[in-house]
Amino acid sequence: MKRVLAALVLMGGVAGFAAPGDAAAIPDVGGVVPSLAPMLSTITPGVVNIAVKGSVREQNPLLQDPFFRRFFNVPKGQTYEQRETQATGSGVIVDAAQGYILTNAHVVENETSIVVTTKDNRKYPAKLIGRDADTDVAVLKIEPGHLTAVPLGDSDKLQVGDFVVAIGNPFGLGQTVTSGIVSALGRSGLGLEGYEDFIQTDASINPGNSGGALVDLHGNLVGINTAILAPGGGNIGIGFAVPIAMASRVMDQLVRYGAVKRGRIGVAIQDLTPDLAQAMNTTRTAGAVISKVEPGSAADRAGLKSGDLIVAANGVAVRDGSQLRNTIGLSRIGDQVKLTVERNGSERAIDVQVEAAPLVSKSAPER
């Protein structure tokens, strides 16, 4: 009897997540079984399949052999061969009026032609507006008209334990929906991309899901599915998505400029560790510590100092140096970033103007 009561309480709790009267929320069907179907019926038309044809140059060892080159009359200077490739992935319509689609940069890598197929099997040739390998985000454009966009959510408000749904086209099977929870936030240091701030989820993400939607229970887009941790080659319940807050900033620049112009303020930063917190006499457990300010930089002009602890950027709490690097690096050149800084035990707000970053290696600490 106790097990039955626990199950009823759990179902009642799940059914009560959404506000009463919200048509896109999980309905309470007589207190029996909650369903995601009403919400999914409104947003799944906005998740598309992407088929990509491309070509890559591959080094052929035989072409390095002078005898082989002479015997087969290989043109001088040709040391590679062209190979045709095909790939499939997923995408999310985010602007129905303009026909813009968000997907992963790796899905459309080396593209020569792209075809987008909607849920109702309409096919569109797509134009690549731009791709950014450092965030694994790309923007496509198709002819607008009778398209459905998935509404954007606020990934900055996600919490560990929130329920999420992944939608995509795994293994070319066709549109598939899986569910899970947010397992972790702010995952970085995985070596997948240059700018990492992943949402980790146990909702099943498989090959072909790349570029698909991660939505909350109200059908709002909170992430673009991008990768899985699969040491054995299969899904083990550890998937990653690019937060929509990051993807939206990248999309804005790709649409405006066709590429991402990295920003900087001229500081070197490090994570706040327990030892640093003790040395700085702060009770904070998260943030980014400025270890160096470049003379004459935007940070210097704004009054930032070595030893300052940055605890928030644009009103969003800063967990670590990677998050701050992402915020500044993906801001538009000329934007003002509002930093909340703790200095000598007191907080102050400092506005810093983002400058263009020089062309440096991904591992460079200056930001």
Take Leu128 and tell me if it is outside the structural domain of Ala241 (by TED's automatic domain parsing) and either surrounded by fewer than 17 Cβ atoms within 10 Å (Cβ to Cβ) or among the aliphatic types (A, V, I, L, M) (or both).
yes
Exactly one condition in (1) closer than 20 Å to Gln336 by Cα; (2) over 23 Å from the mean Cα position of the chain (by Cα) is not met by Thr283; state its number.
(1)
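Residue-wise test of (1) in contact with a helix residue (DSSP H, G or I) (Cβ under 7 Å, 6 or more places away or on another chain); (2) hydrophobic (A, V, I, L, M, F, W, C).
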position	(1), (2)
Ala126	no, yes
Asp134	no, no
Asp156	yes, no
Gln175	yes, no
Within region 277-286, is there a residue that is in contact (Cβ under 8 Å) with a residue 40 or more places away in the chain and hydrophobic (A, V, I, L, M, F, W, C)?
no
Among the aliphatic types (A, V, I, L, M) and free of Cβ contacts under 8 Å to residues at least 24 places away in the same chain - does that describe any residue in region 170-188?
yes
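Rundown of residues vs (1) surrounded by fewer than 18 Cβ atoms within 10 Å (Cβ to Cβ); (2) in contact with a His (Cβ under 7 Å, 6 or more places away or on another chain); (3) outside any helix (DSSP H, G or I), yes/no style:
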{"site": "Val107", "(1), (2), (3)": "no, no, no"}
{"site": "Ser113", "(1), (2), (3)": "yes, no, yes"}
{"site": "Asn121", "(1), (2), (3)": "yes, no, yes"}
{"site": "Leu140", "(1), (2), (3)": "no, no, yes"}
{"site": "Glu143", "(1), (2), (3)": "yes, no, yes"}
{"site": "Ala166", "(1), (2), (3)": "no, no, yes"}
{"site": "Gly174", "(1), (2), (3)": "yes, no, yes"}
{"site": "Leu185", "(1), (2), (3)": "no, no, yes"}
Go through the residues of region 97-112 one by one and say whether even a single one is over 22 Å from Arg249 (Cβ atoms), touching a helix residue (DSSP H, G or I) at 6+ places or on another chain (Cβ under 9 Å) and among the hydrophobic types (A, V, I, L, M, F, W, C).
no
When (1) in a helix (DSSP H, G or I); (2) out of contact with any helix residue (DSSP H, G or I) (no Cβ under 6 Å at 6 or more places or on another chain) are applied to Ala245, the one that fails is (2)
Search region 187-202 for residues being part of a loop (DSSP other than H, G, I, E, B) and of a type in the set (D, E, K, R), and hand back the single one that is modelled with the lowest pLDDT.
Glu193
Might you check whether a residue that is assigned to a helix (DSSP H, G or I), crowded, with 16+ Cβ neighbours inside 10 Å, touching a strand residue (DSSP E or B) at 6+ places or on another chain (Cβ under 6 Å) and assigned by TED's automatic domain parsing to the domain that holds Asp351 occurs anywhere in region 286-297?
no
Condition (residue is closer than 17 Å to Ala302 by Cβ, modelled with pLDDT of 85 or more, out of contact with any helix residue (DSSP H, G or I) (no Cβ under 6 Å at 6 or more places or on another chain) and not aliphatic (A, V, I, L, M)) applied to region 350-364: is it met by at least one residue?
yes
So, in region 303-324, how many residues would count as being basic (Lys, Arg) and within 14 Å of Thr285 (Cβ to Cβ)?
1
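The values are calculated or read from the model by the stated rules, or taken from the named source; none is laboratory data. Just so it is clear, the model here is predicted, and its values are computed rather than measured. Reconstructed Cβ throughout: ideal geometry from the backbone, glycine too, with neighbour counts over all protein chains shown.
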